[in-house]
Every structure is written in structure tokens, then in C-alpha cells.
Amino acid sequence: MRMYRTHIMICRGTGCSSSNSEQIAKNFEEQIKTHGLQEEIIVERTGCFGLCSLGPIVIIYPEASFYSMVKPEDVEEIVKEHLVKGRVVKRLLYAETVTEDGIKSINEVNFYKKQVRVALRNCGVINPENIDEYIAFDGYKALSKCLTELKPEEVIDIVKKSGLRGRGGGGFPTGNKWDFTAKAQGNQKYVCCNADEGDPGAFMDRSILEGDPHSVLEAMTIAGYAIGGSQGYIYIRAEYPLAVKRLTVAITQAREYGLLGKNILGTGFDFDIEIRLGAGAFVCGEETALIASIEGQRGMPRIRPPFPAVKGLFGKPTLLNNVETYANICPIINKGSEWFASMGTEKSKGTKVFALGGKINHTGLVEVPMGTTMREIIYEIGGGCPDDKAFKAVQMGGPSGGCIPAELIDTVIDYDSVTKTGAIMGSGGMVVMDEDNCMVDIARFFLDFTVEESCGKCTFCRIGIKRMNEILTRITKGQGKEGDIELLEELALNIKKNSLCGLGQTAPNPVLTTIKYFRDEYEAHIRDKKCPAKQCKNLIEYKINADKCKGCTLCSRVCPVKAISGELKKAHRIDSSICKKCGLCKETCKFAAIEIE
Amino acid sequence: MNNNKCCCAERSHYFDKFDKILAMYEGKESDLIPILQDLQEAYGYLPQDVLDELCNRTGMHPTQVMGVITFYSQFRLLPTGQNLIKLCFGTACHVKGSDKIAEALKEELKIEIGETTKDNKFTLETVACLGCCGLAPVMMIGDDVYGKLVPKDVPKILEKYR
């Protein structure tokens, strides 16, 4: 392998790519050539660095200079100043890394300081489309150790002792799952990877597959060896084209290197992996539905038992784990189960990746040890809510989860503590909400989603969620009635009790948690016909504060329905009978004269 | 072979793509979803005559094929406009005001969600999550991603595709 004096790492995850990071990479390559430095400096396209809100991100090693929000036209300056003259371009560095007496390493900034990267270890560190770089970072070492030094039952034992639990949401002990599948009778067994990341607000699986696809392939191969399977399937969302492309490249390279296919590493062990694209159905994240979908049927869940470990894909014993779970396997094999179990809390070991989104300053992916508090994640790592707004709640676990209110911000994050609040760990989506978000509206929003996504098999899920959604829609429109809250609670309990799969059993959670913690907001909507967060359109009115209005006419010009009238330099007014409450005027006003009542 | 250019010749040409795709599969039940995905990629949607041909050739029953198509949101039985707009309605986008972006798009295009403009330039759809929550609110037009949107960005962005 060639040695270079400087490595330029450019994020080519989906976030940064959408803000033109490929153009930045091309400009770097061009500029480096112009200066004749192509023998000394290499440009690497990597996976996600995690701090998506500051994208596009470029990190230059060995100094680890963290350039944020880089534009293609900035590249020339960086090359001339930093790469040629050795002077870091401070203006473009992430502000937090610049101190009075120098420059901080990225590991010292608040966003990264508390993070421990196990599943995300290679994201942003290697070029995901180059297997050699993965191998240089201990890649395929765990596989060779398993195939040459360990018996299948020893591998399972290591996974069991590590205390790793399923990262897709269920939290079932991974080692036990492997053990059940290994012990099941059958001449053919399958290893499946659930990459059907359907929770809106969670994108860690996507980032792992985009940034470090080999870690999943290697772990699946190890799983195949442990349970006695020779064929693997990765079921991935078609909405993730970049991840699919990187996986395809990785599978081809692994086959070329003899790390997939027949007689892996000359040990006589055969294992291969195929990709199956999901076709857009949230319920296919449920294991029996996912299996039905790979088999070519409608993705409807079935009764368990028999569990997939006994009777899964094509009726054969099948092991099914989530992407993030697999991403933890190789470090566990390499560093030992004690190392992994030393992190976390009593019943939740290791680390967990969270996708921070919504009303928070630093959006992106963070990986922290289990047992970290919500406060540390939201304030220390995430930097709190923007514009000094008050933090109101965090939604965890997507449509199956719930809203954890500000007063529980010191909740320790592990499977059991989160479940106690009424939310669930889920796949790790954390959507932060501030004072401007209406909790009734959030509950309605999630039911909009689950109504669409219910497969329709169980009556309570199919009809019950629809009825709940109708009640919530009525409440947000100001047509709520006394007794609505109680009716919602009754329906919720029955839906939970009478649904076959996780979708129905958990769909009422967003409603139940918001009623539990924000009952007063429901009551304000129902009794006073007011939305305290001033979000529900039917319950608010846009007004112009005559004292603040300078009569600049900007608002009347942007209003799409011509609801604003007034003379130049005189206070304007909004005709509420015409106003569609689109908010464009408020957004445009330079004097903050438009208020919501 | 004669050079008679009747409608049958055109018809067979129309099915070239179909033949090529079907040749890649054994035609077993578990191939159904990948076949449909490839057909949609090739034809832009799933035309009825192509589906009829699929049933004839694989022996799959039309109810089975339609059952699968209507279950998954990816499959479409009607063609889309030249530019497919996918507006993200995920949680992060919702709390950051994706409904206002939807209003702006509807206003600008004069269509509702799920519809295609009269000039066939745009189809407007919403999706559950595009997975770039860090950039919320987000939409995709074709393969281009637009993030951190505010309603007033919408006309400028659409202009590029007109």
C-alpha cells in the first residue's frame, strides 16, 4: 500500500452528499493535481462523521483539522494555504475547535468528547469502497479467528457473555438467538440482516452500511459459521440507494478476496450473501413479515411460535439480526466479551447509536455507552435546542415509542429505564421537540403513519388505530369532546392487547405517553379550544402587531392568498377569513411584527 | 421473417425490456418482488399489459401479483410526471415544519399530494423518511436531495426543473 503524507477525508454519506460533497472531492483532486501533489496527498471519500448539521465536512489528517460547511469554491484556498503552505484555514474550521491559543482536536469538542464508537468505529475513518482499508483496521481478523481458532459453540458463548442485546428495538439477547438457531434441526439454515430501517427519524443503519459495509458482511459470515448456515440475505430499503451500492461493491470485493463464497480462507467453510430490496412497507421490519417479503409475498406477520429460529425463511431455521447488532460482533470477537460487558449498565451492555434530530443544535449520529443520561445527550452532545427555545420532550423509538418529557431528562438510557417511561429504546431515533411543538399533533402524526402502515391483518390494529386517529384529528381541529381522552385510552389498551405483531402492540404508545405527560395540552385543545404550542391551524390566528409593523409591505407581497392589506409605512392587517395560515408572512417579516394567537 | 411493420412488431419491441428482465430470474415465487422492481425501473411504472405477460409467462396468478403490488408502497400502477418529488414526512421533518413545505409545493404546482401536474412535469408524493434527518425538512426531486428547506425556497427549486 502506498504511503501519503496527508489524507483528506471527505464525507460521502447521504447528508453531506446532498450538499455537494462529491464536487468538493473532485475539486480537491483537481487542485492537488494542479499543484503536483498527487503523489503525496490522497483524497478519500468516507462514510458519515456523525455531525450532519455541519456538513459538508472535510477532515485533514495527520493534523485532524475539522473543516465544516465547506463549499466547493473554498477548496482552492484550503489547498493553497493548508496543503501547500501548511497554514490551517481557521475561517473554515468548525468554530468549536478554534481556541485562543491554537486548535483543539475533534475528539475534545463537546459533540465527540463523550462518544465511544464501537458500531460506528470505521465510519468516517475508512473508504467504504476499498476492502484493503477495512482490512488495515482489523477487518476480517475476527472472521479468521473464528474459523481457525474457535468452535461454533465457542463463538456463541463469546456473544452470549458479552451481554449484547438486539439493537433493532426488541432488545432480545443476541447470543441466545444465535444459540436457538444453532440448536434448531435443519439441513439448511439462513442468516438474515434486517436493514429495513423504517422508523422515521432513525438513520444509523443507513450510515453503518454506507460507511462500513464490510463490518456487517464479516459479522454475518461469523454468524453463519456459528449457527451452521451457508446463505445470508440482507433485506434493505430501496430508499437507500447509496447504501445498496456500497454493499454491492463490498460483496463483490469480499468474494474476490475469498472472504465470501466457497472455502472461505481455505477452511472449507462456505457462505455467501445476497441483497434483497424492500419495497416500502414499515411492517416488514417485523421479523416474520420480513421473511414473508423475502419469500415474495405480502409482508404480513404471522403468529409466533414457531419462531424464525425454528421455522423461518423458506420454512428453515433462520437467524435475523439488525445492522447495528451485527456491527458490534467483530469488536466483541477481537477484544473479548469482558471488554464489551465492561461498558453500559447491569442489563444493557455496550454502546448504542442514536440519531439526533428535530429541534436540536447538533443533529447527527452519536454513539454513547449505555447508561448515559438523556441530559448528556441532548445538552452536552447535542447542544440543546436552537434559538434559546425551551426543550419540551424527546421522542424515542419512532411510531412504536413515546415522548419523554423535559422533567425526566435525567433518565439513564438503557433498555429497562427507557421502557419504564412508556417509550422504548427502539432503533435509536431521538427527535427533540421544543416549546413550539404541539404534543397532540405529534401523537396524531404518528397515528397517520401507523394507519398507513398497518398491514390490516388484525382488526384492532386496522380499525382501532384509524378510530384513534380520527379522534385526534378532531381534537387538533378544535372539535374535541369531553370523554375523548378516556376513549383514546380505552382504545389504546385494547389495540395493544389484541394485535399480533409489534406494530399494533406499540402503535398506541405515542398517544399514551403524550396523555400521561401532557394531559393538560389535550384538555386545552378540548375544553378551551386552544393549542398551547400555537401549532394547530384551526386553533390559531395570525395577527400583526401594529406597534412593531413598519409598513414595509413585504408580507402583503409574499402572501399567496392576498390576505394582508395596508398602506406603505402604515401598519398592515391580516384578514383572518382569507388567511390560510401558511406562515410565510411570519417567516418573511424582518421586524417580528407577526404574532400567533 | 418479413419486414412487415405491423403493430405486432412494435408490440414485441415493447416487450424487449420485459424479456431481458425475466431472463435473469428463474421465475419462482421469491423472485416476484425483484422482478416487479426491475420492471418498474425499466417502464417507470407497472403497465397492465406487462403484468398480464408476467402472469402468462411465470404461471403466477394475477391476484397474487396484484396482492403484492398493492401491499408495497414502492409499486405504482400509473405513470408519474417527468420529475418525481418525494417530500419527507418523517418525524424530524414534521417537527421542523414539513407541512408548510407541502403547502408551498401544492400552492406552486396547483396539485394535491399524489397527483401529477397537467403538463406532466411533476408528481408530488410524500415518503415516511428519507434518512437524512440532520437536514430536515428534506425533499428529493429525482435523485437530488434538498435539505433545510423553508417555504420560500420552493419556487426557486422548482424553477430548475421547469
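The values are calculated or read from the model by the stated rules, or taken from the named source; none is laboratory data. Predicted model, so just to flag it, every value in this text is computed and none were measured. Every residue, glycine as well, gets a Cβ built from its backbone with ideal geometry; the counts of neighbours run over all protein chains shown. Surface accessibility is based on the protein's heavy atoms, side chains included, excluding ligands, DNA and RNA. Shrake-Rupley method; radii C 1.70, N 1.55, O 1.52, S 1.80 Å.
Inside segment A:520-549, can you point out the residues that are of a type in the set (D, E, K, R) and either open to solvent by less than 30 Å² (accessible area, probe 1.4 Å) or within 29 Å of the chain's Cα centre (by Cα) (or both)?
Scanning segment A:520-549 gives A:Glu521, A:Lys534.
Being open to solvent by 10 Å² or more (accessible area, probe 1.4 Å) and closer than 25 Å to A:Ala182 by Cβ is the filter; apply it to segment A:294-308 and report the residue that is farthest from the other protein chains (Cβ to nearest Cβ).
By that ranking, first place goes to A:Pro305.
Answer yes or no as to whether A:Ile32 is under 20 Å from A:Asn122 (Cβ atoms) and either among the β-branched types (Val, Ile, Thr) or more than 13 Å from every other protein chain (Cβ to nearest Cβ) (or both).
In short, no.
For segment A:552-597, give me each residue that is of a type in the set (Asp, Glu) and in contact with a helix residue (DSSP H, G or I) (Cβ under 9 Å, 6 or more places away or on another chain).
Correct list: A:Glu587, A:Glu595.
Across segment A:433-464, what is the number of residues that are touching a strand residue (DSSP E or B) at 6+ places or on another chain (Cβ under 7 Å) and either part of a helix (DSSP H, G or I) or within 10 Å of another protein chain (Cβ to nearest Cβ) (or both)?
5
Which helices (runs of 4 or more DSSP H) sit wholly inside segment B:22-85 and have at least 2 residues that are without any contact (Cβ under 8 Å) to a residue 60 or more places away in the chain, closer than 30 Å to B:Tyr146 by Cα and more than 14 Å from every other protein chain (Cβ to nearest Cβ)?
Result: B:32-43.
Name the residues in segment A:290-324 that are in a strand (DSSP E or B) and of a type in the set (Val, Ile, Thr), would you?
A:Thr318
Starting from residues that are hydroxyl-bearing (Ser, Thr, Tyr) and either in a loop (DSSP other than H, G, I, E, B) or within 13 Å of chain B (Cβ to nearest Cβ) (or both), keep the ones in segment A:337-375 and report whichever is most open to solvent (accessible area, probe 1.4 Å).
A:Ser342
Looking only at segment A:430-444, count every residue that is open to solvent by 10 Å² or more (accessible area, probe 1.4 Å) and touching a residue at least 60 places away in the same chain (Cβ under 8 Å) and tell me the total.
The number of residues fulfilling the criteria is 3.
Suppose we filter segment A:323-336 for residues that are farther than 23 Å from A:Val412 by Cα and either aliphatic (A, V, I, L, M) or crowded, with 18+ Cβ neighbours inside 10 Å (or both); how many remain?
Total meeting the criteria: 8.
Might you check whether a residue that is open to solvent by 50 Å² or more (accessible area, probe 1.4 Å) and of a type in the set (Ser, Thr, Tyr) occurs anywhere in segment A:132-143?
No, the conditions are met nowhere in segment A:132-143.
Pull up segment A:92-128, narrow it to residues that are small (Gly, Ala, Ser) and under 26 Å from the mean Cα position of the chain (by Cα), then point me to the one that is surrounded by the fewest Cβ atoms within 10 Å (Cβ to Cβ).
That would be A:Ala95.
In segment A:245-257, what residues are more than 14 Å from chain B (Cβ to nearest Cβ) and open to solvent by 30 Å² or more (accessible area, probe 1.4 Å)?
A:Val249, A:Thr252, A:Gln253, A:Arg255, A:Glu256, A:Tyr257
Which of the strands (runs of 3 or more DSSP E) found entirely inside segment B:89-162 contain at least 2 residues meeting this: within 9 Å of chain A (Cβ to nearest Cβ)?
Where strands (runs of 3 or more DSSP E) fall fully within segment B:89-162 and carry at least 2 residues being within 9 Å of chain A (Cβ to nearest Cβ), they are B:144-146.
For segment A:258-275, which residues satisfy the criterion of being β-branched (Val, Ile, Thr) and open to solvent by less than 50 Å² (accessible area, probe 1.4 Å)?
Matches in segment A:258-275: A:Ile264, A:Ile273, A:Ile275.
Look at segment A:315-358 and say how many of its residues are basic (Lys, Arg) and within 19 Å of B:Gly131 (Cβ to Cβ).
Residues flagged as basic (Lys, Arg) and within 19 Å of B:Gly131 (Cβ to Cβ) within segment A:315-358 amount to 1.
With respect to A:Asp196, is the statement that it is touching a Leu at 6+ places or on another chain (Cβ under 7 Å), within 14 Å of another protein chain (Cβ to nearest Cβ), in contact (Cβ under 8 Å) with a residue 24 or more places away in the chain and closer than 27 Å to B:Tyr72 by Cα true?
Yes: the conditions hold for A:Asp196.
Before we move on, is A:Ser21 within 11 Å of chain B (Cβ to nearest Cβ) and either surrounded by 15 or more Cβ atoms within 10 Å (Cβ to Cβ) or touching a strand residue (DSSP E or B) at 6+ places or on another chain (Cβ under 6 Å) (or both)?
Spelling it out, it is not the case that A:Ser21 is within 11 Å of chain B (Cβ to nearest Cβ) and either surrounded by 15 or more Cβ atoms within 10 Å (Cβ to Cβ) or touching a strand residue (DSSP E or B) at 6+ places or on another chain (Cβ under 6 Å) (or both).
Within segment A:259-293, track down each residue that is touching a helix residue (DSSP H, G or I) at 6+ places or on another chain (Cβ under 7 Å), of a type in the set (Gly, Ala, Ser) and within 14 Å of chain B (Cβ to nearest Cβ).
Correct list: A:Gly278, A:Ala279, A:Ala281, A:Ala289, A:Ser293.
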